[in-house]
């Protein structure tokens, strides 16, 4: 695995998992068996490697018999598990500010994923990108992060936010049924991995907002990033800048200029992370097309025109390559009906 992923997950999340296991009468020694994690590593607040985190999650699943351990951890996670970043989230002025902070400094908590916040058509989407897809226990790690992110809205606003949803690319695992009454609404086989909510939720003012503390936390996060040599998620920064207002995408040279580096340096950095620029553009275009198909009743011709395809046939070919189905076949499988204004009604 790429060496960049070696210092991946904050030890505070491991401590939270160990506390959860202790409540189920599972000892720390048993939980840490064959993980390569020492108590000194945890006591010192050192980061776990991707492999160590996966081994600990695997032990937790094996010892509890709970395949939904990622969901359980996300539900049990408190704001204090996020350390300094949790303080920053609480001191933000609005939920929008907090979620932007979460996305911007997620690499201080886990370097194996990144998140970008996207607002469109009255919806806010926190898109989750797995930067270590070849590692073991990734579904569990992803479910942990998605659930943590979905819970932030209620934790920070101290209000019930019933329209928060978690969307997953693949089909629904059987173990999710045990969690349906505790989790945000979930949708599967969407082709997207995101937490989403109405955009107006983002305007909610947080009761614990403190502007001075928020600024101080941001400054400290920058210092920690430099001290630990963490990547500030180049992939997320590129994805946030790719799409222009006219629906086209920045080219390699223009993107390098916005990031204050040469195109050669940008290529090298992406190659080190296991990506290339064309791959990110294609993924961004796929995400936008899927949003249009899932959120609205735009025709295929309208979507093709909006997303820069020469005609509907070209878009349909691309869509079949991504999903194995045409846009109309894909829509027909969804468990809800789509209205032209983007609202959703459950199909009876």
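Starting with the highest mean, order 303-309, 26-32 by the number of other Cβ atoms within 10 Å, averaged over the residues of each peptide.
The packing order, highest mean first, is 303-309, 26-32.
The percentage of C-alpha pairs in region 67-203 whose separation is greater than 18 Å is 51%. Computed from Cα atoms, the angle from the helix 95-104 axis to the main principal axis of the chain rounds to 80 degrees. Its residues counted as N, the chain yields a C-alpha radius of gyration over 2.2 N^0.38 Å of 1.01. Only Cα pairs within less than 10 Å get springs; with that Gaussian network setup on the chain, which residue of 110, 176, 265 has the largest fluctuation? Result: 265 has the largest fluctuation of those listed. From the helices alone, meaning DSSP H stretches of at least four residues, give me the mean residue ellipticity at 222 nm for the chain, per-run term -39500 (n - 2.57), in deg cm²/dmol to the nearest 500. The helix-only estimate for the chain comes to -15000 deg cm²/dmol at 222 nm.
Footprinting exposure proxy ranking of 260, 77, fewest other C-beta atoms within 10 angstrom first, gives 260, 77.
Of the residues 263, 328, the one with the fewest other Cβ atoms within 10 Å heads the list, and the complete ranking is 328, 263.
For region 138-191, the spherically averaged projection of the C-alpha convex hull amounts to 3.8 nm². Ranked by how many other Cβ atoms sit within 10 Å of their own Cβ, fewest first, the residues 203, 282 fall in the order 203, 282. Compute the angle between helix 50-64 and the longest alpha-carbon principal axis of the chain, please, reported from 0 to 90 degrees and rounded to the nearest 10. Roughly 80 degrees between the two axes.
Could you tell me how many degrees, from 0 to 90 and to the nearest 10, lie between the Cα long axis of helix 312-323 and the main elongation axis, the longest principal axis, of the Cα atoms of the chain? Rounded to the nearest ten degrees, it is 20.
Here, each number is a calculation from the coordinates, and none is a lab measurement. Note that the structure is predicted; figures quoted are calculated from it, not measured. As a convention, Cβ positions derive from the backbone with ideal geometry for all residues, glycine included, and neighbour counts pool all protein chains shown.
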